[in-house]
Structure formats: structure tokens, C-alpha cells
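Quick notes on the structure that follows.
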Amino acid sequence: MDTSQLIQLDRRHVWHPCTQEKDHEDFPPIPIARGEGSYLITPEGERIVDAVSSWWVNLFGHNNPRLNRALREQSEKIAHHIFAGFTHEPAVEISRRLVEKAPEGLTRVFFADNGSAAVEVALKMSFQYWQQSGKPGKTRFVSISDAYHGETLGALAVSGCDLYRQIYQPILMQGFQVAGPDCFRCPYGLHRDRCQAECFAPMEQTVAEHHEEIAGVIIEPLIQCAAGMRMYPPVYLEKLRTLCDRYQVHYIADEIAVGFGRTGKLFANEHSGTSPDILCLSKGITGGYLPLSVAMTQDEIYEAFYDDYSSFKAFLHSHSYTGNPLACAVAVEVMNIFEQENILENLKPRMALLDHARQRFEAHPHVGEMRRCGFVTAIEMVADKKDNTPYPWQERRGYQFFRKALAKGALLRPLGNVIYFMPPLNIELDVLENVVEVAWECLNDVT
Ligand SMILES: *Cc1c(COP(=O)(O)O)cnc(C)c1O
């Protein structure tokens, strides 16, 4: 297929995710033929730096020789088999490795095959736990404003991004949504470094008032990625852990985006020294190779489902591709790479490079803030810097930015007015430097 034929057929048959297809009339999808490290490569050989890790999944570059080998070797044994009543070494091994590294107490691994599914598992597991533990009134979940937990109906119900959720409102389960942290526009006027999560008050109040109806609180630790890389301090999570303990409410941590090194530690909860009751992981788990997710939990939850068959306490959730061996084998190799290639230590010079650019960006008349948490960095464009007035969404500055950056060889896909860098963890320093330059030029162009 030549490129024009490919695009023509794509336009005729394919429906792309998270896209107004009409936008493709004057800006068709870009065919990718290959990948190499931090680059996506078109059929014509044009190289595009993947500065968003292909939707936050890629950890160690495209076409990674070690991950390729793990995949190939497993594919020569078996690609997939039923996971009910059967098991395999890659699933057992990745479970063991995750338990070893995850926050304390998370000893059980339940497999699913994408992030939203892991969230569904967490919600159902929490709900069923209380049904079987003498507290059947605990049926609702608490989430925070602008939360993002995926697109399936259960996950959407606990999400707060109206853009994805509003239209489905009539078919979503009802929970509690409380105002979450918003450090950039802090309503308490506090500086990030000095705050004690004063904004935790609405969460505290809701849980205190309604705990008898509340099964769990679900939250994205430290960074609300889809909300525009909103970052907040670990003390919020410490308070949440204490609150959940006090009122017998599950703390469900959605580390689907921030897990696997993005925050500078393997898991974001490590920054606060807290352990959730249920931890959802996906995205980076296979380094961006194959769909896989897990919900990890504690013995106490596992045991509430463990009984004679006739008790009907089993957790009957399943997906056809649960615990896929190819995905698990690649996930094991991801853990090997973290350990053997000093990935987290090597983030330091990369983070320093981004910090170095901060003064310049923050001096820009249309940058409200440049913030970083681990290896996630965001630049918030504003119309007016005096009171951080956002640009109206109708102007689609982020979309303009995306197109301009592509023309300069970088995939940067802003979230509204927020430009961000979330590249593979091992991106070369000079490539990263180049991406920062592209961002600077495009920022000037679109503001
Ligand atoms: C991406 C994401 C999800 C959903 O994962 P999918 O694999 O896209 O279904 C859930 N929660 C967070 C925080 C995410 O970033």
C-alpha cells in the first residue's frame, strides 16, 4: 500500500479514538511504518520524536531489542491460553516481581487487559468486599474533580472530565465528586512547597459525612494526567490514607499513568510512604508493547472472597485475554530493564535538563507555570499572566501547537492549553533538548 492509498482507505474504514474524524479532512492521520528508540518513522523515512510516549505507554523506546526478544521467545512457546484453571510462568513471575516492588501489603495480583478494565476490577472488588464483609450499605465511590480513570462506564462514572463524561451522565452510576487539589490556581493562595494540602477539607468532609455509604475513594496519585498534568504534593495522599483508615473506606490508587517510573520512583505512592488497598497499573507495564493491566490488593481483601464454592463469594470478573502470556513475558523484561539499566538513576540528568529550561519558559508572557513531577513536565499556556486566565478552548491553541510541532519533527500533543513532555524514560539527552527547543518555537508561534 502506498501512503496515499493507505490514508484513503483509513478515511474510508477506520474510526480513530479520541478524535473528531472531520479534523482529518484537512489533516489526515500520519502513517507510521516503524519505530526506533524515541522515534516514530513514517513510510517516507521522516522521523518524529515521540515526546508523549505514544499516550504515556512507552518506557524504553520503540523497537527495543530486549523487549523484542522477550516477546519473540514467548511467542515461540505459546501466545495465549485460558487463565481460569491454568497458569504460566510469565504471569507468576510478573506477580512476584510486582509484589516485591509495590507498596507494602499489596500481595495479590488480579490481571486484566487495559487500564479501564483494571479500574472496573478495583471498583467491583471494593464493592463486593463490603457486600461480603457485613457492610452492604457501602456502595458508592468518591472521586475528585477532573479525575480521569478511563472510558468504560464504571470508570467514567468516577471520572470528572466533563469533555469525556457529560453526555453519558444519564447512564452512569452515582457517586460523590469532591473538589480536588488545584495547585496552579490554588484557591487557598498557597505555594506548592509550603502547603499542607489544605484543599483536603472537602474530601474529609464528604467521607466523614457519608462513610457508611462509601466503599472507596479512587484517585490518581500526584499527577492528574488527563486533567492537564495537574500536580499535587504527597501530603494529600498521606491524609487520604489516614482518613480511609479512620472510616473504613478503601483507598484505590490509579497509577495507570504515573506508575513505572514516571514520577521518578517506580510507583508514585512511594513518595508519600502510603499503601493503597487496591493499586491499578497498566500503560507502562509492558513498556508500551501489549495491552495488560493489573489490580493489586492486600490479603485482607483477597480473603473476603476465599471460601467454599457454595458461598458464592468468588470474584467472577474475567476478560478473554486475562493474563496474556506474551504481555506478561514482556512485563517481566520491563522489570529486568528497570533493575539492570539503572533507569531511575539515569532520569536525573534528564530532569535537570528540563529544570534548566524552566526560567526561560516561565519568563514567557503566555506561560503561567512550568511544573515538573519526576519525569513529567508541563507548561501551562495562559491568555493573561496576571490572573492566569486560560485561553478560550474554542481557539484550540493546543491543537495548533500539536500541528506545528509535528511539522518540526516532534509529537507533542497538548491537553487543552497544557503542553507537556512525557517521553520514554531513556530518551537521549540531545533528543530531549531538541524537543524542548521545538516546544519553545511552537509556543511562540501559537501565542
Ligand atoms: C489511561 C488511563 C486510564 C485508562 O487506561 P486505558 O488503558 O486507556 O483504558 C485510567 N486511568 C488513568 C489515570 C489513565 O491515565
Checklist outcome for this item: Given the conditions (1) closer than 18 Å to Gly259 by Cα; (2) β-branched (Val, Ile, Thr); (3) away from the ligand (no atom under 16 Å from the Cβ); (4) touching a strand residue (DSSP E or B) at 6+ places or on another chain (Cβ under 9 Å), every one holds for Ile278 apart from (3)
Checklist outcome for this item: Checking Pro291, Pro234 in turn, the sole residue that is assigned by TED's automatic domain parsing to the domain that holds Pro202 and more than 16 Å from the ligand (Cβ to nearest atom) turns out to be Pro234
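Are any residues in the range 116-140 within 14 Å of the ligand (Cβ to nearest atom) and touching a helix residue (DSSP H, G or I) at 6+ places or on another chain (Cβ under 6 Å), and if so, which ones?
Selection gives Ser116, Val119, Glu120, Leu123.
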Next on the checklist: Regarding the range 195-212, can at least one residue be identified that is out of contact with any strand residue (DSSP E or B) (no Cβ under 6 Å at 6 or more places or on another chain), of a type in the set (D, E, K, R), under 21 Å from His271 (Cβ atoms) and outside any helix (DSSP H, G or I)?
Outcome noted: no
Item to check | Condition met for Val418 (crowded, with 18+ Cβ neighbours inside 10 Å, under 18 Å from Val258 (Cα atoms), in contact (Cβ under 8 Å) with a residue 60 or more places away in the chain and touching a Ser or Thr at 6+ places or on another chain (Cβ under 8 Å)) | outcome: no
Checklist entry - When both residues are 6+ apart or on different chains and their Cβ atoms are under 7 Å apart, which pairs have a first residue that lies in the range 216-227 and is on the phi > 0 side of the Ramachandran plot and of a type in the set (A, V, I, L, M, F, W, C), and a second that is more than 9 Å from the ligand (Cβ to nearest atom) and in a loop (DSSP other than H, G, I, E, B)? => result Leu222/Tyr232; Leu222/Pro234; Leu222/Thr263
Item to check | Matching residues, the range 80-115, being more than 16 Å from the ligand (Cβ to nearest atom), over 19 Å from Ala70 (Cβ atoms), in contact (Cβ under 8 Å) with a residue 60 or more places away in the chain and among the aliphatic types (A, V, I, L, M) | outcome: Ala84, Val99, Ala102, Leu106
Next on the checklist: Condition first: more than 16 Å from the ligand (Cβ to nearest atom), part of a strand (DSSP E or B) and not assigned by TED's automatic domain parsing to the domain that holds Gly416. Can you find one or more residues in the range 158-176 that meet it?
Outcome noted: yes
Next on the checklist: Against the conditions (1) out of contact with any helix residue (DSSP H, G or I) (no Cβ under 6 Å at 6 or more places or on another chain); (2) farther than 17 Å from Glu46 by Cβ, where does Val435 fall short? Just the number, please.
Outcome noted: (2)
Item to check | Pair list, Cβ < 6 Å and 6+ apart or interchain, from the range 379-399 residues that are more than 23 Å from Ile223 (Cβ to Cβ) to residues that are β-branched (Val, Ile, Thr) and surrounded by fewer than 17 Cβ atoms within 10 Å (Cβ to Cβ) | outcome: Ala383/Thr389
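The values are calculated or read from the model by the stated rules, or taken from the named source; none is laboratory data. Everything numeric in this text was worked out from a predicted model, so none of it was measured. Note: ideal-geometry Cβ built from the backbone for every residue, glycine included; neighbour counts use all protein chains shown.
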